[in-house]
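This report concerns only the one structure given below.
The values are calculated or read from the model by the stated rules, or taken from the named source; none is laboratory data. Everything numeric in this text was worked out from a predicted model, so none of it was measured. Quick reminder, even Gly has a Cβ in these numbers, built from the backbone with ideal geometry, and neighbours come from all protein chains shown.
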Amino acid sequence: MLQNSADGNLPDIQQPGDPKCVVCGEFTNGQHFGKFSCRACAAFFRRTVASKMKYICKFDQNCEISKAVQIHRDSYGKRNIPNVKNVDVELEDPTQTTIYANKSTVDRNNHFPNSTHPTFESMNIPESTYSNNKKSCQVESSLAYDMLIEYFEPFSDLPMNDKEKLFENFQALFSCAEKGYNTSRAYGSMEDNDRLIMTDGGYIKLSDMTKFYSHCDEVRGDPEEVARFFEASITYAVKIAIPALTKAEVDDYIMVAIYGLCLFEEGVSGISKETQKIALNVKDVLLKELYYYFRSKNYSDEEMNLRMSKTLLLIPKFQVSFISHVKDFDTH
């Protein structure tokens, strides 16, 4: 996790000779289940054991585990977020941020782009099925919560009631944003793309949504009719939200900042005044870190302001996408 250099501490940099996770190949500093593994993989498999879940290869038993698990697992723990442990810290000078003062540190710590993004290009992404996606959705919530507890400080220190309310608000946006981001990485450059990557890592086609709901005992009703109910929300995601993500050139760092802004929402009903104050301070830190991140790219002032605006305008699109989905679901 990135840290502000204002406190005198820089992130620990793991060396090439350090042990690597036997599952995904990323660096690790300990053993879990008797094998070297990173914390994200260990948390994922702990949840697997606790839920008594079983997995079946979707690639005709021909997938490389070091790459196949990376996309989904990285969604819940491998991404880095600017440190907001001390929410009262003032970032008055760009040199006081890790991003600006030590860009190589950011690049070396941000494992996701190097190990995961090529997967979309090299892997034959399968079609999603309603059954597979439903199973993934059932564990998405707990995995996302684990991610927030471990990586999004100071979320873990908040009162339980406030954590629950913030998470309830965050989870809705996270699910829409995550699917949109993964789709943008995989298909954003395709002209007239009509695919959306679902929670299970497979895709559905806007032009053939009926197939997603077909041949499944869990779908009650005519697949074509069910697909028609959800067509509006999927269309918005594919035709509006995903192109916006692509045009904004969102990367991993930016996406994590967006997640932080969605999580620490001071306007969530029912949270304490103290948590509201913390949320506002955290958002200030995140916005400053995001500003310095763009500044480190040596953009002109006009380009930097444009990129900041495009990034922040993505959040309302995720909100509209979720609301549209809820309306479709209520109608159904």
Which listed residue, of Ser141, Ser156, Ser189, is among the polar types (S, T, N, Q) and either buried (at least 18 other Cβ atoms within 10 Å of the Cβ) or in contact (Cβ under 8 Å) with a residue 40 or more places away in the chain (or both): Ser189
Pick from region 296-314, criterion crowded, with 16+ Cβ neighbours inside 10 Å and in contact (Cβ under 8 Å) with a residue 60 or more places away in the chain, ranking: farthest from Ile258 (Cα to Cα): Ser296
Hits in region 240-281 (condition: in contact (Cβ under 8 Å) with a residue 12 or more places away in the chain, in a loop (DSSP other than H, G, I, E, B) and either within 18 Å of Pro159 (Cα to Cα) or not small (Gly, Ala, Ser) (or both)): Glu249, Val250, Asp251, Phe264, Glu265, Glu266, Val268, Ser269, Gly270, Ile271, Ser272
Some residue of region 136-151 being over 18 Å from Ile258 (Cα atoms) and in contact with an Asp or Glu (Cβ under 7 Å, 6 or more places away or on another chain): yes
Single match in Asp284, Asp330 (criterion: out of contact with any helix residue (DSSP H, G or I) (no Cβ under 9 Å at 6 or more places or on another chain), outside any loop (DSSP other than H, G, I, E, B) and modelled with pLDDT under 95): Asp330
Among (1) under 16 Å from the mean Cα position of the chain (by Cα); (2) surrounded by 15 or more Cβ atoms within 10 Å (Cβ to Cβ), the one test that Glu168 misses: (2)
Of all residues making up region 141-165, the number that are part of a helix (DSSP H, G or I), in contact with a helix residue (DSSP H, G or I) (Cβ under 8 Å, 6 or more places away or on another chain) and farther than 14 Å from Ala40 by Cα: 5
Residue, modelled with the lowest pLDDT, within region 315-327, restricted to residues that are among the polar types (S, T, N, Q) and crowded, with 19+ Cβ neighbours inside 10 Å: Ser324
Residues that are aromatic (Phe, Trp, Tyr) and closer than 30 Å to Ile234 by Cβ, drawn from region 282-327: Phe318, Phe322
Conditions (1) without any contact (Cβ under 8 Å) to a residue 60 or more places away in the chain; (2) of a type in the set (Lys, Arg); (3) farther than 22 Å from Ile323 by Cα: number failed by Lys135: (1)
Any chance Lys317 is without any contact (Cβ under 8 Å) to a residue 12 or more places away in the chain and part of a helix (DSSP H, G or I): no
Selection from region 194-233 of residues that are in contact with a helix residue (DSSP H, G or I) (Cβ under 6 Å, 6 or more places away or on another chain) and under 16 Å from Asn124 (Cα atoms): Arg195, Leu196, Ile197, Met198, Asp200, Gly201, Ile204
Given (1) among the small types (Gly, Ala, Ser); (2) crowded, with 23+ Cβ neighbours inside 10 Å; (3) part of a loop (DSSP other than H, G, I, E, B), index of the condition Gly221 fails: (2)
Lone unmet requirement of (1) in contact with a Ser or Thr (Cβ under 7 Å, 6 or more places away or on another chain); (2) buried (at least 22 other Cβ atoms within 10 Å of the Cβ) for Tyr203: (2)
Candidates Lys277, Lys239, Lys283 - the one that is among the basic types (Lys, Arg) and more than 27 Å from Glu303 (Cβ to Cβ): Lys277
